[in-house]
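Structure first, commentary second.
The values are calculated or read from the model by the stated rules, or taken from the named source; none is laboratory data. Remember, predicted model here, so these are calculated numbers, not experimental data. Every residue, glycine among them, receives a Cβ derived from its backbone with ideal geometry; neighbour counts consider all protein chains shown. In case anyone asks, the SASA skips ligands and DNA or RNA and just uses the protein heavy atoms, side chains included. Shrake-Rupley method; radii C 1.70, N 1.55, O 1.52, S 1.80 Å.
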Number of protein chains: 4
Amino acid sequence: MHMPIVAFLGLGAIGTPMARHLARVDWGLRVWNRTAVRASEFATKHAAHGVTHATTPAAAARGADVVITCFPVSSDVESLLDGPDGVLAGLARGATLVDCTSGDPATSKRIAARLAERGVGYLDAPVSGGVLGAEGGTLTVMVGGDSATLEKVRPVLEAFGKKIVHCGAIGTGDAVKAVNNALLAMHLWSTAEGLATLTSAGVDPAVALDVINTSSGRSNASMNLFPERVLTRAFPRTFRLALLDKDVGIAAQVAREQRIPSPLIQLTAELYQAAHRALGEEADHVEVVKWVEQLTGTVIEKR
Amino acid sequence: MHMPIVAFLGLGAIGTPMARHLARVDWGLRVWNRTAVRASEFATKHAAHGVTHATTPAAAARGADVVITCFPVSSDVESLLDGPDGVLAGLARGATLVDCTSGDPATSKRIAARLAERGVGYLDAPVSGGVLGAEGGTLTVMVGGDSATLEKVRPVLEAFGKKIVHCGAIGTGDAVKAVNNALLAMHLWSTAEGLATLTSAGVDPAVALDVINTSSGRSNASMNLFPERVLTRAFPRTFRLALLDKDVGIAAQVAREQRIPSPLIQLTAELYQAAHRALGEEADHVEVVKWVEQLTGTVIEKR
Amino acid sequence: MHMPIVAFLGLGAIGTPMARHLARVDWGLRVWNRTAVRASEFATKHAAHGVTHATTPAAAARGADVVITCFPVSSDVESLLDGPDGVLAGLARGATLVDCTSGDPATSKRIAARLAERGVGYLDAPVSGGVLGAEGGTLTVMVGGDSATLEKVRPVLEAFGKKIVHCGAIGTGDAVKAVNNALLAMHLWSTAEGLATLTSAGVDPAVALDVINTSSGRSNASMNLFPERVLTRAFPRTFRLALLDKDVGIAAQVAREQRIPSPLIQLTAELYQAAHRALGEEADHVEVVKWVEQLTGTVIEKR
Amino acid sequence: MHMPIVAFLGLGAIGTPMARHLARVDWGLRVWNRTAVRASEFATKHAAHGVTHATTPAAAARGADVVITCFPVSSDVESLLDGPDGVLAGLARGATLVDCTSGDPATSKRIAARLAERGVGYLDAPVSGGVLGAEGGTLTVMVGGDSATLEKVRPVLEAFGKKIVHCGAIGTGDAVKAVNNALLAMHLWSTAEGLATLTSAGVDPAVALDVINTSSGRSNASMNLFPERVLTRAFPRTFRLALLDKDVGIAAQVAREQRIPSPLIQLTAELYQAAHRALGEEADHVEVVKWVEQLTGTVIEKR
């Protein structure tokens, strides 16, 4: 592979540090962002590496070997495809679109089919690791799509990803990411129910967590999120509940499409939908615990 | 505290190695077991440490400072209290009964009340750590009851427990243990649902687990039980599903008594009840995954 | 049976019209109520029929052949048994206590056991039909207990009950009543979910109900409660949500005791517990629909 | 409207008696069926009314004013549209396709959009009333689509429908039907759980049903299906569980699309999916009770 030309669309909280890693490789990165000032500032800041600011998705994609997209939801990507300024207007045969959005498999398959008609490859490639992982270049990248396509773009993905995992056909990267996040959502809620119960029964939740975290009931939620964010009442806003709700919904939809009876996933999808509606668009995902507290009349804080 | 005389009732898979640790302290341990031969063999084996075999619970308790019970369910303990051979017939004022059964708070409170009438102390003190923890003397002991009573018997508990945690009033040790195990049960099932979904969507569950276990959806179930027992199809029998079902039921009951809306715990209690009925008394707890597989028409094995 | 002497304890919304029917039979009815003025007024009003006001439960029970209790919950009845003024102090061997409370089987069995020690019979005999049925003397009475005991008191029950159904052993009257009310609770909620969905999809809920009520999805809830109370936004307060929550909880508990996997009953118990907490003690049971509306962002009203 | 020419596609258990009513109006009915012999026999039998047998969907649709489709699922209809023999090849501008399938709104909208491009109208018009209603010409028809289109074809619908209800825009007929059937599914299951609990507690389920059916917990399921089909163990095969599962799935999907938290509908969808998988394609919908019996270890039969 010659030195690829890379375009990056979507300079959000995760996308920006990802793009920063790409910039450092001197790939002649072009960036585009809906709020244009973020892209122009990014380009200015990384001008020494030859980063430029594209004014339209089409301009970013034109001549690029790899176009990376990173948005809140799949429909954001789909909506950038068409029109004279759209990605499709710029993409050349042989290019690859790598969608790092935590997307849904159905939309990914639709996008892939449209690109395939034009001889453009597609990978769904959502990432996990959060802002810290993006900044450290240590993201896990879950890839769905053709393995030959993956090998072609692997060096690009390695700029920001420490672990690149080929999950299967198109949509499976999305599916794995959605299931992982659904597990996070379930464990957050299950631990909240358990600690609300114990708190109400007179147990200090810090004591209960201390036991659980050396026992069989522990999870990432109990080991990290509850001690650092709930007991302390810190609830920093790092990942929106709205997006976790969306992810659980994707996992629930995949399970339905696969005809997999999945009562816990489906019930969790309902609980998050209700919590999201109750807490609004800006709440952090861990704030779902506050809704459990409200429903149960408890406060899960250190005594 | 003078060198206490200790009695141990219930030489099961967990109780036997716990008693072994007590024997080593030369406390003049007396042991009793429903199947008497296990107790007599144990006494013979540890005769050098002065261990003796009691033929009745009353005989074991007579003159003992601390009586430790370790049975499958609280009602086993309750049923040993009465009659001429019962624990109550032997226990002296000032003694303490420490129940290491994974019990239910309601029964623990009833037992404690009956003992209190006779001036006998009570602690519910279920343990976690499994057979390995019992053999290594590294159990976590969750204690409910009076803290002065706990301090009195702490040296005895330290013979087998590495971490002794005072949870609160009588019944809270049981409650913490039940909630921990309910979390284990939920995470086992949630991970099974997620992996069944991904398997059906064409993802190798080993690949999915590899991603989840470096991401936010990980839990003790996903990190240990699935790789070692499910993907390998080993399903060793270490902890019966019947007992985990019982534990989830206790957590569900505590939540109901506390009037804590807890949809995930309650639904999990139903799922385990159904699985327990379908798989029988001897199935291991991780075999619940086989029932999820049956319901979903999948097999979660390495490709 | 000679003309029996009857005592009635609990002159609430249902109890008062029930007692009125008993008064008319000239049985020398004695009435007692916690708020004494209600009982004295009742006695004054029905003095022509020989009704008298007892100042204590013991006085009401003394010499009575049949003591009828009618309270919100079983523990109310249990709390009236003891002490110098308690029912037990007045009840004579051979008498029968008929508890028309919508009670729970466990408490009923405890009460029955205590009465049996004194040679007093017991029936759990909750009623359905509401205030209108009580006023019309057309209640359905669900009876648990010995059939010989039932036959002895049947003439008394027929004063207010049109349909007297022997359900089985002690506690089964309570169980049947609880399950009936749990079905009501489930159908109320299921219909609310369905109509919220259709309303959100642009269907007039009155049109949807019109179809459902001539189709297979109809229930008492859809045929009566939604057209009369929800679409009209009338929400009259006839039966407290707090009591329906209690009833679903009893049904859920019986299912658990019987080891019957029952995901819909158990989940409904959680939903009502949460709704009860959110809407408070005075809300009517049909107002649970308002909580569904709040969770779903809809209003189920005629367009 | 001149005397319309009507085509009928899909001579199944419901479609055949519907077509019979249309035949009687001497509309020059054309019928088509995948298994051709059913259509040719139907045409022969009703030849006196001018009924003819079309050998392809295109032939049936050619020149027809109204094409009625009646299939198990929407995708059956969608699959008949294309190709030289497809419905689209025959349909003329100004015609109307009335889909009496119990379909899903998303597919209905896709079909409607394709027809609209050709100037062909579309109504989703699922029916309720079962085989008996179809034979008696007393079906309820739930119509989604333009009201002018409905008025144009109303005389045709009145040949088999007693109650024609305009529900709203395209897809709302499907949605109302799906929600009705989801309510049926929920009430079947809820009543099964309740009766399994009572049976296990020693109550004759016939006695319990007798009470429930005069009380607030009654539903179509408890009043008709349980007495006639379950207690008698008759379980006649009138409506396949596979189709009810599909309907609950549609209701669940509509709720998700509308972002309506609906825990009971979603959990019911999972339970029916599992039951469908366990009982197979031929089981009747009421046989779901047999699966509840299996899960709970009970038999709901008259004693």
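Summing Lys and Arg as +1 and Asp and Glu as -1 over all other residues whose Cβ lies under 13 Å from the Cβ of C:Ser262 gives a net charge of -2. Dipole of the stretch A:175-296 computed with +1 at Lys/Arg Cβ and -1 at Asp/Glu Cβ about the Cα centre; of A:Ala283, A:Gln253, A:Ala192, farthest Cα towards the positive end is A:Gln253. Shown for the stretch D:233-303: the carbon plus sulfur share of the solvent-accessible area, taken with all protein chains present and a 1.4 angstrom probe, equals 51%. Sparsely packed loop sites in the stretch B:36-121 (the trypsin sites (Lys or Arg not before Pro) outside DSSP H, G, I, E and B with at most 10 other Cβ atoms within 10 Å) comprise B:Arg93. Shape summary: the stretch D:6-168 maps onto an equivalent ellipsoid whose semi-axes, from the alpha-carbon gyration tensor, are 21, 19, 14 Å in decreasing order. Label separation (B:Arg24 vs D:Asp26): 10.3 nm, computed from points 7 Å beyond Cα along the C-beta direction. In the stretch B:231-280, comparing the full protein assembly with the chain on its own, the residues that lose 50 Å² or more of accessible surface at a 1.4 Å probe are B:Arg256, B:Gln258, B:Arg259, B:Ile260, B:Pro261, B:Pro263, B:Leu264, B:Leu267, B:Glu270, B:Gln273, B:Arg277.
Of all DSSP beta bridges confined to the stretch C:6-168, the antiparallel ones make up roughly 10%. The interface between chain A and chain B buries about 4900 Å² of solvent-accessible area in total (1.4 Å probe, ligands and nucleic acids excluded).
Suppose R0 equals 22 Å; then what is the FRET efficiency for C:Ala13 and C:Glu301 from their Cβ-Cβ distance, rounded to the nearest 0.05? In this case the efficiency is close to 0.20.
Listed by chain and number, the aspartates and glutamates placed with their C-alpha closer than 18 angstrom to that of C:Lys290 are A:Glu270, C:Glu193, C:Asp204, C:Glu228, C:Asp245, C:Glu270, C:Glu281, C:Glu282, C:Glu301; residues fewer than eight positions away on the same chain are left out. Proximity of backbone amide H atoms, modeled 1.01 Å from N, is registered between A:Thr52 and A:Leu29, A:Arg30, A:Val31 at under 5 Å, excluding neighbours fewer than 5 places apart on the same chain.
Per residue, the protein assembly as shown exposes an accessible area of 34 Å² to a 1.4 Å probe, with every protein chain left in place. Along the stretch D:216-233 the Karplus relation, 6.51 cos²θ - 1.76 cosθ + 1.60 evaluated at θ = phi - 60°, assigns HN-Hα couplings of 6, x, 6, 8, 3, 4, 6, 7, 10, 5, 5, x, 7, 10, 8, 4, 7, 6 Hz to successive residues, with x for each Gly and Pro.
Sparse packing (at most 16 other Cβ atoms within 10 Å of the Cβ) combined with a DSSP loop state is found for the following trypsin sites (Lys or Arg not before Pro) in the stretch A:187-243: A:Arg233, A:Arg237. Near D:Gly15, once Lys and Arg are set to +1 and Asp and Glu to -1 for all other residues with Cβ below 13 Å from its Cβ, the sum equals 0. Each copy carries B:Asp85; placing its label point 7 Å along the C-beta direction from Cα gives inter-copy distances of 5.0, 8.2, 8.9 nm, listed from smallest up.
Charged side chains reduced to their Cβ positions (Lys and Arg at +1, Asp and Glu at -1) give chain D a dipole of some 440 debye around its Cα centre.
Each other copy places its own label point for C:Leu132 at 2.6, 6.3, 6.5 nm from this one, sorted shortest first, where the point lies 7 Å along the Cα-to-beta carbon line. Find the centroid of the Cα atoms in the stretch C:234-248 and in the stretch A:273-300, then give the distance between the two in whole Å. Value for the Cα centre distance between the two parts: 26 Å.
Where both residues lie in the protein assembly as shown, what percent of DSSP beta bridges are antiparallel, nearest 5? Numbers along the way, then the final one.
Details: 18 of 110 bridges.
Approximately 15 percent, going by the DSSP bridge assignments.
Where nothing but the Cβ of Lys and Arg (+1) and of Asp and Glu (-1) is charged, how large is the charge dipole of the stretch C:175-296 around its Cα centre, in debye to the nearest 20? Can you show the working numbers first?
Values: 11 positive and 13 negative charges, 54 e Å.
Computed about the Cα centre, the dipole is about 260 debye.
For D:Val37, the point set 7 Å out from Cα toward Cβ sits 7.0, 7.7, 8.5 nm from its twins in the other copies, listed from shortest up.
Quick one: work out the % antiparallel among DSSP beta bridges in chain B, nearest 5. About 15 percent, rounded to the nearest 5. For the protein assembly as shown, the Cys residues with no second cysteine's beta carbon closer than 4.7 Å are A:Cys167, B:Cys167, C:Cys167, D:Cys167.
Ratio of the protein assembly as shown's C-alpha Rg to 2.2 N^0.38 Å, to two decimals?
1.04
Counting only residues at least eight positions apart within a chain, or on another chain, the lysines with an alpha carbon under 19 Å from that of A:Lys162 are A:Lys152, A:Lys177.
Inverting the pair-averaged 1/r between distinct Cα atoms of the stretch C:175-296 gives 14.6 Å as its Kirkwood hydrodynamic radius.
Hydrodynamic radius of the stretch A:35-92 by the Kirkwood approach over all distinct alpha-carbon pairs: 12.1 Å. Think of each Lys and Arg Cβ as +1 and each Asp and Glu Cβ as -1; about the Cα centre, that makes the dipole of the stretch C:6-168 roughly 220 debye. Over the stretch C:1-160, with every protein chain in place, what whole percent of the accessible area is carbon and sulfur at 1.4 Å, could you tell me? Percent of accessible area from carbon and sulfur atoms in the stretch C:1-160: 54.
Among residues of chain B, the one whose Cβ lies closest to the rotation axis carrying chain B onto chain A, together with that distance rounded to whole Å, is B:Ser219, 2. Measuring with a 1.4 angstrom probe and ignoring ligands and nucleic acids, D:His46 comes out at about 20 Å² accessible.
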